[in-house]
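The values are calculated or read from the model by the stated rules, or taken from the named source; none is laboratory data. Only a predicted model underlies this, so the values are computations on that prediction, with no experimental measurement involved. Here the Cβ is made from the backbone with ideal geometry for all residues, glycine too, and neighbour counts use every protein chain on show.
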Amino acid sequence: MNATQAIAKFRTCKTTGLRVFRNAEFFTKVNAVLAVVFLLVGAIAAIGLALTRWTAVHLLGSVYYYRMLTLHGVNMLVFWIIFMEMGILYFACTTLLNSRLFSKMLGWISLALMGIGALMTNYIILAGQADVLLTSYVPLKAHPMFYLGIILFAVGALIVCFNFFATLYIAKRDETYEGSMPLVTFGAMAAAIIAVLALAHGAAALIPTFMWSMGWIGPVDPGLYRLLWWGLGHMSQQINVCAMVSVWYFMGTMTTGAKPLNETVCRGAFLLYILFINLASAHHLLVDPGVGPGWKIWNTSYAMYLAVLASMIHGYTVPASLEVAQRRKGFTKGIFGWFSKLPWKDPGFSAVMLSIIIFGFMGGITGVTLGTEQINIIAHNTLRIPGHFHATVVGGTSLAFMGLAYYLVPLIFQKEFYLKGLARIQPYVFGGGIVVMSLGMSFAGSYGVPRRHWDVDFSGSILSAGFDPIAHVMLGLVGIGGIIAFLGLLLFIGLTVATVFFGRSNEGRPMESWQDEHSTRMKDELIEKGYEEEGKDYEHIKTPGTLTVVIIFLLTFAVYYFANWKALADLWFVR
Amino acid sequence: MSIFSPVGNWFKAPTGTERLWVGLALTWCLIMSVTMPYWHFKGKQNSTGESYKVEASAFLDRANQFIESNKVGEEKGVPIVEPSPGGDAYLVGEMWRWYPILKLKKGQTYRLHISSPDLQHGFSLLPMNMNFHILPGYDHVLTITPTSTGDFEIICNEFCGIGHHMMTGKIIVE
Amino acid sequence: MEEERKPPLGQRILDNMWLLLALGLAVPTISYTLWGIIELISMGDATLP
């Protein structure tokens, strides 16, 4: 017996009582650290972009604008978010299932592939040989290393998914848990299923493109490339949605003691994601040649909007579970008394709550509307699209992941944050900046301002073109919102990096609560009770506050949706 | 708890407010599901994606022939071309211009063929903000009826290399 | 008391990760990818009238 075997395979968390398995914990940590490293790279590119789109500043030259745009897209949408999600998968399949990780070896292999892939792609972009943006639409050609890096990264991530499913399998076989897997793990499983499909599409799109860039095969059909690439590009956003919703449920429990009202409804909603949300890749091809109206209408509707139903369900069940938890604590005054008593100073909570609001009211409503076959005519490739997805992926997913980090660092890295006052305001700064930027993009886009465009004054063009002065004001908002969000992001990176490497250790004792003693005690009592009363539901407790909010949401949605149809009806006739 | 395993039978239909909301949300989803097919048949603005395979050289030849036989003028060296009402018109998007300038009549319907000999481009008609995607090798046909008069700008809204921002064009409607 | 109480069918489906994995891969692959490829392949040649 060697020394390593003698070391215990898990430690028991002093805060939650859950078992943290050492080998999975290691991979959670490494993936989270790498995620933040690439987040920083993407953030530096982001500020350059925001200050270039702000026409009064117009910071970067055209070459650097497109290079930074490529760098930003690849690091934010692929590396930051998928590394973070892989960390979540490792956590969800071990600690929450009380199981060891299936294979440490596979963990290492996937980590090496993902790390090398991410470095290769970043290197070749910075070397100036891959100014093709994230989508790298053929026949635009990049250096082969660009495609190879992403392929290696995707293969590595696929191996993590395999390791995840294998761990679910051995956990069930070895009966490490009783009953069904926890909801958070179920949501992570939905994310993993979608990840397998997304990464497979990525391979199908990029492997032939890589071979073409090497000169081994002839050109790749641009229509087919778009079909397959968006299988990667949009489905990977659905991994984000599932991971984000899981984080909402997880943090709801951790910060308020909330419990899902009805497991069937929550899991059923995840099932709708698994089955139908990936059809939404069609949103990118709505004004494309090659695919007909039948394919477009059916796929863009996610099978009659059943995946939208799923998001609307989660958008109710998460806040409703918070409301029930608060009412059980005795905050029963009026419709919204419970709401004002939520732990707003706990950055883990505030980040997640802002994530729910931004994702629902801004990201969700715009996404479904812009993804309507005909309405897409007035949205495709305009700034309305980044306006939408900065509300979903950044204000939604990234902000939720930041909230998670405020608990992940003390619980998994076992380090306590410095400067907690700054941490408490960080979600508001970042979320606020993203809201301003996203609104600026959406309004500028409604004037037709294109996305991915260096100069909307079209300098040097033979036939002149330009935009209404109001569109330029909106682009100013993009710049200002971008600066605020950038500061919020730097604050997050600075705080977490400083804490992970130089924070005070809390090994052997519970993490210091972000909340005051009283609310911490009430929340812990609920978590304990929830454990005993598992299987019971709390639907008899009314949720008038949440119902009011979701009705307001539905009305907002309907107004925005039909206003867009009205705008469309004023256009030239086209078939 | 979302972090603990539910045991026993937990499968049951929602009740109370949750049931109400699921019903309302489902109703809204069904309304949206009906709207798209309805507009496809009754609406005037649709993206049917009518398109055909085409060789770049064949498309360019046809476009140049169209320009020669229908040319009515020139602006800054770019030919202005007037297609016959109800007829076919050709528009080429290439690095980095849209050509020719089209001169159309309000209320007339045209079959506008758009393609690219090089990269992917985004056809974006301003200030109306109508957008269609253009692929090399695909003859994208828009059956289009201008309903307003004036000068309209075409810009490119899909990244097509370093001169992307210089790619503009024009449609004149009388 | 020996009888084994089986959970309802819906619960067993939601607990069956292999079934969910298979459906989650099959539905979008058929509806989005395969149908999309068929649409692209069945496109006719341009006549350029």
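Quick notes
Table: residues versus (1) without any contact (Cβ under 8 Å) to a residue 24 or more places away in the chain; (2) surrounded by 24 or more Cβ atoms within 10 Å (Cβ to Cβ).
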| residue | (1), (2) |
| --- | --- |
| A:R327 | no, no |
| A:F331 | yes, no |
| A:S355 | no, yes |
| A:F361 | no, no |
| A:H390 | no, yes |
| A:L399 | no, yes |
| A:A405 | no, yes |
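- Residue in region A:328-335 that is part of a helix (DSSP H, G or I), in the same structural domain as A:N278 (by TED's automatic domain parsing) and modelled with pLDDT under 95 present: yes
- Pairing residues of region A:222-243 that are not assigned by TED's automatic domain parsing to the domain that holds A:I82 with residues that are among the acidic types (D, E), at Cβ distances under 7 Å and at least 6 apart in sequence or on separate chains, gives A:I239/A:E85; A:A243/A:E85.
- Among the candidates C:L14, C:L23, residue that is part of a helix (DSSP H, G or I) and within 10 Å of the chain's Cα centre (by Cα): C:L23
- Of the residues making up region A:219-271, those that are among the acidic types (D, E) and in a helix (DSSP H, G or I) number 1.
- Region A:257-300, residues that are under 17 Å from B:W21 (Cβ atoms), within 7 Å of chain B (Cβ to nearest Cβ) and not hydrophobic (A, V, I, L, M, F, W, C): A:P260, A:N262, A:E263, A:T264
- Across region A:427-443, the number of residues qualifying as of a type in the set (A, V, I, L, M) and out of contact with any helix residue (DSSP H, G or I) (no Cβ under 6 Å at 6 or more places or on another chain) comes to 2.
- Qualifying residue in region B:81-92 (condition: more than 21 Å from A:L286 (Cα to Cα), among the small types (G, A, S) and facing chain A (nearest Cβ under 9 Å)): no
- Counting only residues that are within 11 Å of chain B (Cβ to nearest Cβ) and either touching a residue at least 60 places away in the same chain (Cβ under 8 Å) or among the β-branched types (V, I, T) (or both), region A:165-178 holds 3 of them.
Yes/no per residue for (1) more than 7 Å from chain A (Cβ to nearest Cβ); (2) aromatic (F, W, Y):
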{"position": "B:S5", "(1), (2)": "no, no"}
{"position": "B:W10", "(1), (2)": "no, yes"}
{"position": "B:L24", "(1), (2)": "no, no"}
{"position": "B:M36", "(1), (2)": "no, no"}
{"position": "B:F41", "(1), (2)": "yes, yes"}
{"position": "B:T48", "(1), (2)": "no, no"}
{"position": "B:Q65", "(1), (2)": "yes, no"}
{"position": "B:E68", "(1), (2)": "yes, no"}
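- Matching option when the condition is among the β-branched types (V, I, T) and either more than 14 Å from chain B (Cβ to nearest Cβ) or over 30 Å from B:H40 (Cα atoms) (or both), among A:I356, A:I365, A:I378, A:I385: A:I356
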